[in-house]
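Enquirer: Would you mind keeping the following structure in view while I ask a few things?
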Protein chains: 2
Amino acid sequence: MNRAIQEQFEARARVLKALAHPTRLFIVEELSKGERCVHELTDQIGADMSTVSKHLSVLKGVGIVRDEKRGSQVFYSLRMGCVLDFFDCVEAVIRGGDDATCKPRKRKVQRL
Amino acid sequence: MNRAIQEQFEARARVLKALAHPTRLFIVEELSKGERCVHELTDQIGADMSTVSKHLSVLKGVGIVRDEKRGSQVFYSLRMGCVLDFFDCVEAVIRGGDDATCKPRKRKVQRL
DNA sequence: TGGCTATTTGGTAAAATGGCCAAGGGTATG
DNA sequence: CATACCCTTGGCCATTTTACCAAATAGCCA
């Protein structure tokens, strides 16, 4: 496998890896409803705030979320809403249905 | 976070985690062109066959691929082609473009 | 300034992951 | 039957990931 191709798959894997954690998936879903500060997310998740902060930094690292500091709080929002489209397919995989059970949700392309 | 919800995000994470590896992404892309036996994939990947076999077993474990033994060979094929849809969005994330740069590919829902 | 809230960063221990080698079980072939 | 091939599994080690605590940083307000 040639080097450039290899690098491309590694880049893809980095993005998927960033999503491949229950807490981070929860964060993505939550942010799809609107921006949230670290404190709010921490309350819902019930882990240490430092843990949540690190999860957010992983998502930010690959460009899935964006942060904005306002006052003493940092608000996170979804930058790539397209990742939400994964969920229908993922659910279909979980159900073990065939490919046809994966109906893409109607997505309005929205600037977040 | 309630227990059932928690479990749902864990299930989703298991599927994404199965995809979150360069070699496994390569396998998925390769299988999208048609079934392949372990030997063929091993040649292309250039790793030990046992390593490739384990990657295939991870993909099979979550239901993304299917295996079929014929003679002394085992042929793997893509069971959930919908995962291919992820790639456009993932590429958009890599490019760092905004959401709109993620154009869903025209996908024909095909029974594999 | 001092104290309080909000968040990130560093350290560390436990668990999970990934890769290779070796061994084992089928299957074809001579 | 013996041998060669195809594939999977188990063992082992190195690396990565994750979570918590503690400490550091930054903004707010009295």
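Enquirer: With the requirement that a residue be outside any helix (DSSP H, G or I) and open to solvent by 20 Å² or more (accessible area, probe 1.4 Å), what does segment A:19-31 give you?
Expert: A:His21
Enquirer: Further, regarding this structure: Give me the residue from segment B:56-67 that is within 13 Å of DNA strand C (Cβ to nearest atom) and in contact (Cβ under 8 Å) with a residue 12 or more places away in the chain and, out of that set, surrounded by the fewest Cβ atoms within 10 Å (Cβ to Cβ).
Expert: B:Gly61
Here's the yes/no breakdown for (1) polar (S, T, N, Q); (2) buried (at least 20 other Cβ atoms within 10 Å of the Cβ); (3) facing another protein chain (nearest Cβ under 8 Å); (4) assigned to a helix (DSSP H, G or I):
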{"site": "A:Ala4", "(1), (2), (3), (4)": "no, no, no, yes"}
{"site": "A:Glu10", "(1), (2), (3), (4)": "no, no, yes, yes"}
{"site": "A:Ala13", "(1), (2), (3), (4)": "no, yes, yes, yes"}
{"site": "A:Lys17", "(1), (2), (3), (4)": "no, no, yes, yes"}
{"site": "A:Lys33", "(1), (2), (3), (4)": "no, no, no, no"}
{"site": "A:His39", "(1), (2), (3), (4)": "no, no, no, yes"}
{"site": "A:Thr42", "(1), (2), (3), (4)": "yes, no, no, yes"}
{"site": "A:Thr51", "(1), (2), (3), (4)": "yes, no, no, yes"}
{"site": "A:Lys54", "(1), (2), (3), (4)": "no, no, no, yes"}
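Enquirer: What number goes with the only condition from (1) within 13 Å of the chain's Cα centre (by Cα); (2) of a type in the set (Ser, Thr, Tyr); (3) near DNA strand C (Cβ under 10 Å from one of its atoms) that A:Thr51 does not pass?
Expert: The one condition A:Thr51 does not meet is (1).
Enquirer: Suppose we filter A:Gln110, A:Gln73 for residues that are polar (S, T, N, Q) and at pLDDT below 90; which single one remains?
Expert: Selected residue: A:Gln110, the only one of A:Gln110, A:Gln73 that is polar (S, T, N, Q) and at pLDDT below 90.
Enquirer: Would you mind stating whether A:Asp98 is at the interface with chain B (Cβ under 7 Å from one of its Cβ atoms), surrounded by fewer than 20 Cβ atoms within 10 Å (Cβ to Cβ) and not small (Gly, Ala, Ser)? Lay out the reasoning, then the answer.
Expert: Values: at the interface with chain B (Cβ under 7 Å from one of its Cβ atoms): yes; surrounded by fewer than 20 Cβ atoms within 10 Å (Cβ to Cβ): yes; not small (Gly, Ala, Ser): yes.
Yes, satisfied.
Enquirer: Also, quick follow-up: Within segment B:25-57, track down each residue that is β-branched (Val, Ile, Thr), more than 16 Å from B:Ser77 (Cβ to Cβ) and near DNA strand D (Cβ under 10 Å from one of its atoms).
Expert: Listed by number, the residues that qualify are B:Thr42, B:Thr51.
Enquirer: In segment B:68-95, which residues are surrounded by fewer than 17 Cβ atoms within 10 Å (Cβ to Cβ) and assigned to a strand (DSSP E or B)?
Expert: Matches in segment B:68-95: B:Glu68, B:Lys69, B:Arg70, B:Gln73, B:Val74, B:Ser77.
Enquirer: Same structure, new question: Residue check: is B:Val74 more than 7 Å from chain A (Cβ to nearest Cβ) and within 11 Å of DNA strand C (Cβ to nearest atom)?
Expert: yes
The values are calculated or read from the model by the stated rules, or taken from the named source; none is laboratory data. Model, not experiment: these values are computed from the prediction. Ideal geometry is used to build each Cβ from the backbone, glycine not excepted, and the neighbour counts take in all protein chains shown. For accessibility, only protein heavy atoms count, side chains too; no ligands or nucleic acids. Shrake-Rupley method; radii C 1.70, N 1.55, O 1.52, S 1.80 Å.
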